[in-house]
Amino acid sequence: MNRAPLKRSRILHMALMGASDPSGEAEASKEKPFLLRALQITLVVSLYWVTSISMVFLNKYLLDSPSLQLDTPIFVTFYQCLVTTLLCKSLSILAACCPGAMDFPTLRLDLRVTRSVLPLSVVFIGMITFNNLCLKYVGVAFYNVGRSLTTVFNVLLSYLLLKQTTSFYALLTCGIIIGGFWLGVDQEGAEGTLSWTGTLFGVLASLCVSLNAIYTKKVLPAVDGSIWRLTFYNNVNACVLFLPLFLLLGELQTLRDFSQLGSAHFWGMMTLGGLFGFAIGYVTGLQIKFTSPLTHNVSGTTKACAQTVLAVLYYEETKSFLWWTSNMMVLGGSSAYTWVRGWEMKKIQEEPSPKEDEKSSMGV
């Protein structure tokens, strides 16, 4: 029996719920030689790392580069959403013209669906805007710690909105993350590089990331479970909603006075940032597909560690022992939470259901 392709809706569900696709993974491992599978995983993980790290450094350049001196974070975010929208529509047209060449859903703007996706789009705008504002005001080295409370908000919102309790061990890992966050803030302050504005934006970005996952699950049925349709509608809504913000915050005048507005290099970097923003969603799904949600989370944590080290080396910064300790607490706590949740779900899957217990007791 041939394995059915793993839909992106299933990938997202696996990522949110922390579950894996054991049957599919088992079939895939039987079908493919070990070396080929290992090579595929290495390439996919490397692609995720390169895309994610490059996007962070490029956005830092666009948002806070002394050579650019462009203070328009809303415009930068708007342009990246515009690039993603145009890419989605272009791929949809290409797939319709060449049906055998690629698999991409047909995208037509439906106002009813647009309204259904709107609540998620508001959260999505908050997520990407606060992410970029955090990156604008803090260094790349501190960026991971500044946005480290996503796991904590996941636990908090799961209890407040879904009434789901969390185990003691998972709460313990959240405590380690919070401790690492506060130690990192303290050490940034001690070194004179702390930006309370950037830290606040990082906390708000973490909250929006958690809300985005919850609203995504609610809105997916409106787009027939298609991640690409959801991406398209989200970015269309974002482009429309960003325009009044762009005007109200006076960024239009700032853009008019920008000395490099006619520079091909500037627009090339802006477009490249949009391409990375589009690509990160794809490579994230690809990494989950070829590994598992658990491995994806571990890979993301390790990538964050590598990103921090690269940032310290690239910007020639000197950090204290306690500063590095705060990063290790955040990364260690995040990894431990991922492991605890994976272990708990595996334990639940292995436990027999009450009906099976009844059958076994009756000797059936």
Plugging the Cβ-Cβ distance of L161 and D110 into 1/(1 + (r/R0)^6) at R0 = 30 Å yields, to the nearest 0.05, a FRET efficiency of 0.60
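With a 1.4 Å probe and all protein chains left in place, how much of the accessible area of the chain comes from carbon and sulfur atoms, in whole percent?
With neighbouring chains kept in place, the figure for the chain is 65 percent.
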Given the peptides 184-191, 311-318, 242-249, arrange them by the average over their residues of other C-beta atoms within 10 Å, most packed first.
-> 184-191, 242-249, 311-318
Ranked highest first by average number of other Cβ atoms within 10 Å, how do 321-328, 342-349 line up?
-> 321-328, 342-349
For L245 and I348, what does the FRET efficiency come to when R0 = 35 Å and r is the distance between their Cβ atoms, rounded to the nearest 0.05?
-> 0.20
Can you list the residues of segment 118-153 with backbone N under 13 Å from a point 7 Å past the Cα of L310, pointing along Cα to Cβ?
-> 140-141
For the chain, modelled as a Gaussian network with Cα springs under 10 Å, which listed residue fluctuates most, V152, V240, V219?
-> V240
Lys and Arg at +1, Asp and Glu at -1: add these up for the other residues within a Cβ distance under 14 Å of L118 and post the number.
-> +2
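Within 15 Å, Cβ to Cβ, of S334, how many net charges do the neighbouring residues add up to if Lys/Arg are +1 and Asp/Glu are -1? Please list the in-between numbers first.
On the way: positive: R147, K303, R341; negative: none.
For residues surrounding S334, the net value is +3.
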Distance in nm between label sites at C98 and L261, each 7 Å beyond Cα in the beta-carbon direction?
-> 3.8
Among K60, K218, K303, the residue with the largest mean-square fluctuation in a Gaussian network model of the chain built from Cα contacts under 10 Å is K218
Expected max-MSF residue from A304, A238, A38 in the GNM of the chain (alpha carbon, under 10 Å) is A38
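Calculate, for segment 39-348, the solvent-accessible area per residue in square angstrom, rolling a 1.4 angstrom probe over the heavy atoms of the protein chains.
Details: 14800 Å² over 310 residues.
Each residue of segment 39-348 exposes 48 Å² on average to a 1.4 Å probe.
What helices does the chain hold that run 27 Å or longer along their axis, going by alpha-carbon atoms, with a Kyte-Doolittle average of -0.5 or more, using DSSP H for the helix calls?
34-64, 73-97, 111-137, 168-190, 196-219, 227-248, 264-290, 293-314, 321-350
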Helix-only CD estimate at 222 nm, as mean residue ellipticity for the chain, using -39500 (n - 2.57) per DSSP H run (n ≥ 4) | -26500 deg cm²/dmol
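Working out 0.36 nm times the residue gap between W339 and W182, then minus their Cα-Cα distance, what length gain in nm do you get to one decimal?
Values: separation 157, 0.36 × 157 = 56.52 nm, distance 2.29 nm.
Gain on stretching W339 to W182: 54.2 nm.
The values are calculated or read from the model by the stated rules, or taken from the named source; none is laboratory data. Being a predicted model, the structure only gives us computed values, none of them experimental. All Cβ positions, even for glycine, are placed from backbone atoms using ideal geometry, and neighbour counts span all protein chains on display. Keep in mind that these areas ignore ligands, DNA and RNA; they rest on the heavy atoms of the full protein, side chains included. Shrake-Rupley method; radii C 1.70, N 1.55, O 1.52, S 1.80 Å.
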